[in-house]
Amino acid sequence: MTNHALLSASSSNRWIHCTPSARLGEQFENTTSEYAKQGTEVHALCEYKLQRALGNEAENPISTFEFYDEEMEECTTAYVTFVMEELAKAKEVTKDPIVIVEQKLDFSNYVPEGFGTGDCLIIDDETLTVIDLKYGLGVLVEAHENPQMMCYALGALNLFDGIYDIQKVKMTIFQPRRENISTYELTKEALYQWAEEVLRPKADLAYQGDGAFQCGKWCNFCPAKQVCKARAEQNMALAKYEFQQANLLTYDEIENILSKVDDLVNWATDIKEYALKQALAGKTWNDWKLVEGRAVRKYANEEEVAKAVENAGFNPYEQKLLGVTAMTKLLTKKNFEELLGDFIIKPKGKLTLVPKTDKRTAVKITTAREEFKHTEDK
Ligand code: SF4
């Protein structure tokens with residue numbers, strides 16, 4: 001068993017939707033990103049802190065870390081606080097709830113070679129709670145019908161259903177950097193039904209490399225995304241837009257294009273990245289070539305430059321106030337709050353257009369005409 005199962009829980013949203021993607025992706029290099037390394041450290045720190053909070057012995061792993069910083073410290077503490085709150089709730093239901101940290105979960109009875117690691121499981125009288133920490137910032141992760149969480153829950157049921165009288169499964173994503181706590185609950189029966197009717201048949205197809213290609217948001221996490229023909233066809237079709245008769249786009253047409261633009265941009269960026277990577281590896285393209293980009297002048301040796309300027313009687317340095325992050329690091333968070341708390345303001349963020357489904361509150365724009373009317377009414 002390797003750490004990269006063909007049908008991993010973390011990629012299940014993709015291979016459930018696009019079953020041939022699992023085998024197609026096998027031929028692409030599986031590189032570990034810096035984000036993944038950071039995630040591993042975050043999980044190790046969470047495990048350590050949670051074990052300590054539960055009164056267990058554990059070794060502090062920080063000295064081995066590459067990415068440890070204040071944000072990691074805060075987020076892991078927030079995670080432990082959240083888990084301990086959930087545990088306190090479970091204690092209201094039953095005297096001795098079970099807490100399991102970093103549990104290997106095997107769901108291979110539904111998915112060939114399927115296994116994963118659950119960050120935290122809590123079992124009270126009749127509820128199995130699965131908590132998963134997400135440290136990523138880029139994508140807001142929802143628990144609702146999240147197949148990764150459902151696979152973990154199935155793995156947990158494999159271990160504990162029968163020993164405990166579990167009736168309900170509660171799955172929570174804790175994503176501190178997005179201030180996101182997302183929970184999804186369903187009955188044990190509903191989960192088993194999904195496993196039989198959706199997960200197992202899709203996993204069988206995916207394992208064989210069968211089924212139909214299907215594009216969607218999951219393509220962004222597919223190892224084959226840069227050269228997948230189905231994705232290219234889908235995006236080329238998106239780009240072919242049937243316009244109504246007229247010289248200018250209508251508002252409806254603009255909304256329609258907006259709904260497709262992000263996918264098109266992502267795909268176009270992937271194609272450019274792939275072509276560049278190939279060129280750097282020695283591929284010669286017919287109509288494209290490598291050139292040097294524009295470069296700005298820079299000092300060959302900063303120390304020698306400073307010395308030369310000082311010798312000439314000038315000050316080569318500028319004095320600049322440290323930014324908020326660097327200053328917090330210098331003073332520590334507590335001193336920063338005490339000393340500078342009153343001086344910190346948070347300017348409004350730049351307005352940006354997002355789909356209506358976005359969770360943020362919409363900003364109301366007052367037009368000049370409304371402003372004028374308001375003044376007149378006074
Ligand atoms: S890029 Fe998308 S459509 Fe193509 S194999 Fe991957 S998930 Fe399927």
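The values are calculated or read from the model by the stated rules, or taken from the named source; none is laboratory data. These numbers come from a predicted model, not from an experiment. As a convention, Cβ positions derive from the backbone with ideal geometry for all residues, glycine included, and neighbour counts pool all protein chains shown. For the accessible areas, the whole protein counts, side chains as well, though only heavy atoms, and no ligand, DNA or RNA atoms are used. Shrake-Rupley method; radii C 1.70, N 1.55, O 1.52, S 1.80 Å.
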Measure of exposure for VAL354: accessible area at 1.4 Å probe, Å² rounded to 10, is 60 Å²
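Would you mind checking LYS260/LYS364; LYS217/LYS356; LYS89/LYS170 for any pair whose Cα atoms are more than 22 angstrom apart?
On the way: LYS260/LYS364 25 Å; LYS217/LYS356 17 Å; LYS89/LYS170 13 Å.
Violating the 22 Å Cα-Cα cut-off are LYS260/LYS364.
Report in % the part of the accessible area of the chain that belongs to carbon and sulfur, leaving out ligands and nucleic acids; probe 1.4 Å.
Details: 13930 of 26400 Å².
Reported share for carbon and sulfur atoms: 53 percent.
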Over the chain, volume per residue of the alpha carbon convex hull, in Å³: 316 Å³
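Please get the size of the charge dipole for the chain, origin at its Cα centre, with Cβ charges of +1 on Lys and Arg and -1 on Asp and Glu, quoted in debye to the nearest 20. Numbers along the way, then the final one.
Working: 45 positive and 60 negative charges, 260 e Å.
Dipole of the chain, to the nearest 20 debye: 1240 debye.
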Along Cα→Cβ, 7 Å out, is where each label goes; now give me the distance between the ones at LYS350 and TRP285 in nm to one decimal. 2.7 nm
5 Å binning of all Cα-Cα separations within region 200-329, expressed as whole percents from 0 upward: 2, 7, 10, 10, 9, 10, 10, 10, 9, 8, 6, 5, 3, 1, 1, 0
Provide the solvent-accessible area of ARG360, counting protein heavy atoms only and rolling a 1.4 Å probe, rounded to the nearest 10 Å². 150 Å²
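Could you state the accessible area per residue of region 12-208 in Å², with a 1.4 Å probe and every protein chain left in place?
Details: 9560 Å² over 197 residues.
For region 12-208, the per-residue accessible area is 49 Å².
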Compute the projected area of the convex hull of the Cα atoms of region 12-208, averaged over all viewing directions, and report it in nm² to one decimal place. 11.6 nm²
Between GLU70 and MET84, what length comes free when the chain is fully extended (0.36 nm per residue of separation minus the Cα-Cα distance, one decimal in nm)? 2.9 nm
Using all C-alpha to C-alpha distances in region 226-280, build P(r) with 10 Å bins and read off the rounded percent in each one. 21, 41, 25, 11, 2
Quickly work out the ALA212-to-ASP96 label distance, labels modelled 7 Å from Cα along the C-beta direction, and quote it in nm with one decimal. 5.3 nm
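Length gain on complete extension for the stretch ASP125 to GLU338, per 0.36 nm per residue less the alpha carbon to alpha carbon distance? Write out the running numbers ahead of the final one.
Numbers: separation 213, 0.36 × 213 = 76.68 nm, distance 4.52 nm.
Length gained between ASP125 and GLU338: 72.2 nm.
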Treat each spin label as a single point 7 Å out from the Cα along the C-beta direction, and report the ASN256 to ARG177 distance in nm. 3.8 nm
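With N set to the number of residues, divide the alpha-carbon radius of gyration of region 273-378 by 2.2 N^0.38 Å and report two decimals. Mind dumping the intermediate values first?
Numbers: Rg = 26.5 Å, N = 106, 2.2 N^0.38 = 12.9 Å.
Here the answer is 2.05, to two decimals.
If the limit is 21 Å between Cα atoms, which of LYS168/LYS202; LYS229/LYS277; LYS49/LYS359; LYS49/LYS188 go over it?
Result: LYS168/LYS202; LYS49/LYS359; LYS49/LYS188 exceed 21 Å.
Multiply the residue separation of LYS272 and GLU185 by 0.36 nm, subtract the distance between their alpha-carbon atoms, and state the gained length in nm to one decimal.
Numbers: separation 87, 0.36 × 87 = 31.32 nm, distance 4.16 nm.
My answer for the length gained is 27.2 nm.
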Computed Rg/Rh for region 302-343 (Cα atoms; Rh = Kirkwood radius) stands at 1.28
Please report, for the Cα atoms of region 21-100, the Rg to one decimal and the Dmax as a whole number; what are they, in angstrom? 16.9, 51
